1. With the structure loaded, tell me whether residue A:80 is modelled with pLDDT of 95 or more and more than 15 Å from the chain's Cα centre (by Cα) or whether it fails that test.
2. Of the residues B:33, B:45, which single one is within 13 Å of chain A (Cβ to nearest Cβ) and open to solvent by 20 Å² or more (accessible area, probe 1.4 Å)?
3. Please state which one of A:83, A:66 is more than 14 Å from every other protein chain (Cβ to nearest Cβ), touching a residue at least 24 places away in the same chain (Cβ under 8 Å) and charged (D, E, K, R).
4. Looking at residue B:63, is it away from chain A (no Cβ under 13 Å) and free of Cβ contacts under 8 Å to residues at least 40 places away in the same chain?
5. Can you report the number of residues in the range A:18-34 which are surrounded by 17 or more Cβ atoms within 10 Å (Cβ to Cβ) and either hydrophobic (A, V, I, L, M, F, W, C) or within 9 Å of chain B (Cβ to nearest Cβ) (or both)?
6. Pairs needed: first member in the range B:87-116, within 16 Å of residue B:52 (Cβ to Cβ); second member anywhere, crowded, with 16+ Cβ neighbours inside 10 Å and among the charged types (D, E, K, R); C-beta distance under 6 Å; at least 6 residues apart or different chains.
7. Out of A:60, A:37, A:41, A:98, which single residue is modelled with pLDDT of 95 or more, open to solvent by 50 Å² or more (accessible area, probe 1.4 Å) and either more than 9 Å from chain B (Cβ to nearest Cβ) or over 11 Å from the mean Cα position of the chain (by Cα) (or both)?
8. Across the range B:82-102, which residue is modelled with the highest pLDDT among those that are at the interface with chain A (Cβ under 7 Å from one of its Cβ atoms) and surrounded by 16 or more Cβ atoms within 10 Å (Cβ to Cβ)?
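The values are calculated or read from the model by the stated rules, or taken from the named source; none is laboratory data. Remember, it's a predicted structure, so these values are computed and weren't measured experimentally. With ideal geometry, Cβ positions are generated from the backbone for all residues, glycine too; neighbour counts draw on all protein chains shown. Just the protein is used for accessible areas: all its heavy atoms, side chains included, with ligands, DNA and RNA removed. Shrake-Rupley method; radii C 1.70, N 1.55, O 1.52, S 1.80 Å.
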Amino acid sequence: QKEVEQDPGPLSVPEGAIVSLNCTYSNSAFQYFMWYRQYSRKGPELLMYTYSSGNKEDGRFTAQVDKSSKYISLFIRDSQPSDSATYLCAMSLPGSARQLTFGSGTQLTVLP
Amino acid sequence: GAVVSQHPSWVICKSGTSVKIECRSLDFQATTMFWYRQFPKQSLMLMATSNEGSKATYEQGVEKDKFLINHASLTLSTLTVTSAHPEDSSFYICSASPGGGADGYTFGSGTRLTVV
C-alpha cells in the first residue's frame with residue numbers, strides 16, 4: 001500500500017464547475033499538507049499549504065484536512081480552462097527540511 | 001516569493017556522456033535541496049537530499065556514483081548524470097524551502113533530459 005493515495009482521474013469538468021480533488025494517507029505522523037499544480041513539462045507550483053485539520057481558503061481554492069480520517073481535499077470553485085493541469089497532493093513529517101511524499105497526481109481538464 | 005531556478009530546461013546528450021543540472025535558490029539560502037525524478041504521467045520520486053557542505057543522502061535504489069550531487073554553497077546544488085544511458089532520460093526537478101519546509105517547498109522549472 002502506498003503511503004499517499006490520490007484519485008488518479010483523469011477528471012474533465014465544464015467551465016464554472018466546482019472541482020474536488022482528494023488524497024488519503026496511511027502515516028498518521030504526516031503533519032504538513034500541500035497541494036501543487038503542475039502544467040505539462042513544468043515544475044510543480046505550490047497552491048496551498050496547511051498543517052492543521054480544518055479548511056484553508058485562498059481565492060478560488062480551499063484546502064481541507066481531516067487528520068482523524070487521514071484525508072485531504074482541494075476544492076476549486078468557478079473552475080477555469082487555465083486550471084487544466086495535473087494536481088499533486090504532498091505531505092511531510094514534522095521537522096526542518098523534510099522530504100515530501102507525493103500522491104500520484106490527478107489530471108484535470110476544464111472545458112470551455 | 002521564493003524562487004528556485006533550474007538550468008538547463010532541456011538537454012539532449014549522447015550515451016556515455018555526462019550532464020550537469022544546476023539548481024539555484026535566487027532569493028534565499030537553502031541548506032537543504034531535494035532532487036526528484038519524474039517519468040511521463042507519473043508522480044515525483046525523490047532521488048536524493050542535497051545538504052550544503054556535506055554528502056548527499058540518496059534514496060534506496062538510486063546509484064550515488066551515477067547521480068553525483070554537489071551542494072557547495074547555500075544557493076547552489078548540482079546534479080551530474082554520469083555516463084548517461086537512454087534509460088536515464090527523464091524529467092529532473094529540484095526543490096528547496098526558505099523556511100526549512102515551514103511554508104512549503106518551491107520547485108524549479110525542471111530539466112528534461114534526453115539521452116540518445
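1. Taking the combined requirement at face value, the residue satisfies it.
2. When all the criteria are applied, what remains is B:45.
3. A:83
4. The answer is yes for residue B:63.
5. Going through the range A:18-34 one residue at a time, the tally reaches 7.
6. B:101/A:98
7. Just a single option satisfies the conditions, and that option is A:60.
8. B:93
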